[in-house]
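Structure first, then comments.
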Amino acid sequence: MARIETFDEHPSGTLAAGDGFKLADVDPDSTPGYPGGKSDGQALLAELDGKLATLQEKLFAEAKFGGSKRILLILQAMDTAGKGGIVAHVVGAMDPQGVQLKAFKAPTDEEKSYDFLWRIEKEVPAAGMVGVFDRSHYEDVLIHRVRGWASPQEIERRYVAINEFEARLTDTGTKIVKVMLNISRDEQKARLLARLDDPSKHWKYSSGDLKERAFWDDYMAAYQAAFDNTHTEVAPWHVVPANKKWYARIAVQQLLLQAMEDLNLEWPAAEFDVALERSLVERT
């Protein structure tokens, strides 16, 4: 059997948006910490699907017996960056009954009448679940900053509120994995054109994507501000180069695996006499 290429350096370190991080310095076409190519990455993804599924089952099982641990994967990105591919090819390896997916759209009038976190708090994962936010509360500091829909003072208040919210989640057993899928402007253009050239992808295309694309540099500045203000010890940001979809998927898979391993999950001990129950089954 051919050897499967693994990471030389773990994405939890190489992709962290910590002190001194500059988004402009990240090459969206790069594959930090991974020496292999596309076929290697695809093989690694498939090889570790089973490990990810087993850890998720442990998480789910623990909660059935009173455990409070849970995972929250937050996916942020410009349009076409591959959030759906992460859900399909990484999260899709797990049992769907243990996954809680929420794709946040523009807020309704009712949601706008409350604080921006009101609709978010209702969707946090239950104990034992892997929650996935396809977009999230970060939209309320990204697009609102770019479009000027909130004052600078309000944006600053929201950064503080986000940090407090994520700290509360952590205190109640949630392991947070925050990912920004980082594609280049040229790659986004190529993906938009590919959608237009393929009738089966027309449903994915929206002319609204072009409106936001016009603010590209402003969005990059807004992301940098979000990293500067909300990268914390309990909820760090990871910026994943995403021009190569296969690399983005194995990087996020690694981050999820690490998060689950950090929870020190255990199979629940049987609350019955195993030997007795086995003998009863054998008699049937």
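The values are calculated or read from the model by the stated rules, or taken from the named source; none is laboratory data. Note that the structure is a prediction, hence the values are computed from the model and not measured. We place every Cβ from the backbone using ideal geometry, glycine too, and count neighbours over all the protein chains shown. When the accessible area is computed, the model is the full protein with side chains, heavy atoms only, and any ligands, DNA or RNA have been set aside. Shrake-Rupley method; radii C 1.70, N 1.55, O 1.52, S 1.80 Å.
Which of the helices (runs of 4 or more DSSP H) found entirely inside the range 215-284 contain at least 1 residues meeting this: touching a residue at least 40 places away in the same chain (Cβ under 8 Å)? Walk me through it before giving the result.
Working: elements: 216-230, 245-262, 274-283.
The helices (runs of 4 or more DSSP H) meeting that bar are 216-230, 245-262.
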Query raised in the report: If you take the residues of the range 121-136 that are buried (at least 18 other Cβ atoms within 10 Å of the Cβ) and within 16 Å of residue 172 (Cα to Cα), which of them is farthest from the chain's Cα centre (by Cα)?
Result: 128
Query raised in the report: residue 149 versus (1) under 28 Å from residue 32 (Cα atoms); (2) free of Cβ contacts under 8 Å to residues at least 60 places away in the same chain; (3) not in a helix (DSSP H, G or I): which is the lone unmet condition?
Result: (1)
Requested in this report: Please tell me if residue 99 is farther than 22 Å from residue 269 by Cα and either at pLDDT below 95 or open to solvent by less than 10 Å² (accessible area, probe 1.4 Å) (or both).
Outcome: no
Query raised in the report: With respect to the numbered conditions (1) closer than 26 Å to residue 225 by Cα; (2) within 19 Å of the chain's Cα centre (by Cα); (3) in contact (Cβ under 8 Å) with a residue 60 or more places away in the chain, which one is the sole condition not fulfilled by residue 117?
Result: (3)
Query raised in the report: From the residues in the range 159-176 that are assigned to a helix (DSSP H, G or I) and open to solvent by 30 Å² or more (accessible area, probe 1.4 Å), which one is farthest from residue 258 (Cα to Cα)?
Result: 160
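Return yes when residue 93 is open to solvent by 20 Å² or more (accessible area, probe 1.4 Å), of a type in the set (Gly, Ala, Ser), touching a residue at least 40 places away in the same chain (Cβ under 8 Å) and within 30 Å of residue 191 (Cα to Cα) and no when it is not.
yes
To keep it simple, each residue is scored yes or no on (1) assigned to a loop (DSSP other than H, G, I, E, B); (2) more than 13 Å from residue 254 (Cα to Cα).
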{"site": "29", "(1), (2)": "yes, yes"}
{"site": "32", "(1), (2)": "yes, no"}
{"site": "41", "(1), (2)": "no, no"}
{"site": "55", "(1), (2)": "no, no"}
Query raised in the report: Any residue in the range 30-53 that is open to solvent by 20 Å² or more (accessible area, probe 1.4 Å), β-branched (Val, Ile, Thr) and over 20 Å from the mean Cα position of the chain (by Cα)?
Result: no
Query raised in the report: Restricting the search to the range 245-273, which residues are charged (D, E, K, R) and surrounded by fewer than 22 Cβ atoms within 10 Å (Cβ to Cβ)?
Result: 245, 261, 262, 266, 271, 273
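Quick check on my filter: what residues within the range 1-26 are among the aliphatic types (A, V, I, L, M), assigned to a loop (DSSP other than H, G, I, E, B) and surrounded by fewer than 16 Cβ atoms within 10 Å (Cβ to Cβ)? Walk me through how you get there before you give the answer.
Residues of the range 1-26 among the aliphatic types (A, V, I, L, M): 1-2, 4, 15-17, 23-24, 26.
The next check asks that each one be assigned to a loop (DSSP other than H, G, I, E, B); those that pass are 1-2, 4, 15, 17, 26.
Across the range 1-26, the qualifying residues are 1, 2, 4.
Looking only at the range 32-74, how many residues end up being β-branched (Val, Ile, Thr) and out of contact with any strand residue (DSSP E or B) (no Cβ under 7 Å at 6 or more places or on another chain)?
Filtering the range 32-74 down to residues β-branched (Val, Ile, Thr) leaves 54, 71, 74.
Filter again for out of contact with any strand residue (DSSP E or B) (no Cβ under 7 Å at 6 or more places or on another chain), leaving 54.
Qualifying residue count, the range 32-74: 1.
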